[in-house]
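Trainee: One structure, pasted below without further comment.
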Amino acid sequence: MRFLVPLMSASMFLPLMACNSPTAPPEVLMVESFNMENSGLYKLNYTGFVNWDVTSGSVDLVGTAPFDDFLPKAQGLYVDLDGTTKAAGTLRSKQRFDLKPGTYRLEFRMSGTPRPNQPPNTMRISVGSAFSETVTLQSYAPLTTFARTFRVRSTQQAHLEFAHAGGDDYGNFIDDIRFERL
Ligand SMILES: [Ca+2]
Ligand SMILES: [Ca+2]
């Protein structure tokens, strides 16, 4: 009987431990590399994104010749948020995410416009009313990973949106977006 006691204890506690595990993996809501867009070829003023609508202005899908020297080759395709119509673009996720209360993490890579004599470029990144941040980058600001964590306190539905200001055909570049619920 002495040996049965620990066994019974273990079986009583195991279900609790499983429910409250702090190491549950994040729920990935979106991963975006842009590399499969347009059969892998650049296109100025591109609107055919699988996961995104261009809801205002225009954006350029770049990363293949002759528009392949903005970011390192390893990035494949990526997006210049200020396309080629003198009206910067807004890229909005087609998916409207169901955001339960909890903690979320948004990660993406962004660089300034890699061309000389350009004024700074400003972009607003948002997830509905749950998250919003405005970032201004100088020319040649290096490709940097931005990672933000935010809380959703009441259930809401929201698009993920990248909205570039202005419009002179030279904008901030984005790539490698990852959105997840922690
Ligand atoms: Ca890419
Ligand atoms: Ca600009």
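The values are calculated or read from the model by the stated rules, or taken from the named source; none is laboratory data. As the structure is a prediction and not an experimental result, all values here were calculated from the model. Quick reminder, even Gly has a Cβ in these numbers, built from the backbone with ideal geometry, and neighbours come from all protein chains shown. All accessible areas refer to the heavy atoms of the entire protein, side chains included, with ligands and DNA or RNA removed. Shrake-Rupley method; radii C 1.70, N 1.55, O 1.52, S 1.80 Å.
Trainee: Restricting attention to the range 58-94, and to residues there that are of a type in the set (V, I, T) and open to solvent by 20 Å² or more (accessible area, probe 1.4 Å), which single residue is farthest from ligand 2 (Cβ to nearest atom)? Walk me through it before giving the result.
Mentor: Going residue by residue through the range 58-94, those that are of a type in the set (V, I, T) are 59, 62, 64, 79, 84-85, 90.
If we keep only those that are open to solvent by 20 Å² or more (accessible area, probe 1.4 Å) as well, we get 64, 84-85.
On the way: T64: 22, T84: 12, T85: 13 Å.
Top of the filtered list is T64.
Trainee: What number of residues within the range 32-50 are within 16 Å of ligand 2 (Cβ to nearest atom) and over 16 Å from R92 (Cα atoms)?
Mentor: Qualifying residue count for the region: 1.
Trainee: Residues L29, L61: which one is within 23 Å of D169 (Cβ to Cβ), modelled with pLDDT of 95 or more and in contact with a Lys or Arg (Cβ under 7 Å, 6 or more places away or on another chain)?
Mentor: None of the others qualify; the one that does is L61.
Trainee: I've got another one for you. Are any of the residues in the range 150-169 open to solvent by 30 Å² or more (accessible area, probe 1.4 Å), among the charged types (D, E, K, R) and at positive phi?
Mentor: yes
Trainee: Select from the range 47-57 the residues that are part of a loop (DSSP other than H, G, I, E, B) and open to solvent by less than 20 Å² (accessible area, probe 1.4 Å) and list them in ascending order.
Mentor: Selection gives F49 alone.
Trainee: Evaluate the following for V79: is it of a type in the set (V, I, T) and outside any strand (DSSP E or B)?
Mentor: Judged against the criteria, V79 is not a match.
Trainee: Next up: Between T84, T136, which is assigned to a strand (DSSP E or B) and either over 16 Å from the mean Cα position of the chain (by Cα) or of a type in the set (F, W, Y) (or both)?
Mentor: T136
Trainee: Take the range 95-124 and flag every residue that is part of a loop (DSSP other than H, G, I, E, B), more than 22 Å from S154 (Cα to Cα) and away from ligand 1 (no atom under 16 Å from the Cβ).
Mentor: Hits for the range 95-124 are G112, T113, R115, P116, N117, Q118, P119, P120.
Trainee: Does the range 68-91 include one or more residues that are at pLDDT 95 or above and within 23 Å of E27 (Cα to Cα)?
Mentor: Within the range 68-91, one or more residues are at pLDDT 95 or above and within 23 Å of E27 (Cα to Cα).
Trainee: Ok, one more. Tell me the residue from T134, T122 that is surrounded by fewer than 16 Cβ atoms within 10 Å (Cβ to Cβ) and at pLDDT 95 or above, please.
Mentor: T134
Trainee: Then there is this: Determine whether P116 is farther than 20 Å from T145 by Cβ, surrounded by fewer than 19 Cβ atoms within 10 Å (Cβ to Cβ) and either touching a strand residue (DSSP E or B) at 6+ places or on another chain (Cβ under 8 Å) or not charged (D, E, K, R) (or both).
Mentor: Here the answer is yes, as P116 does meet what is asked.
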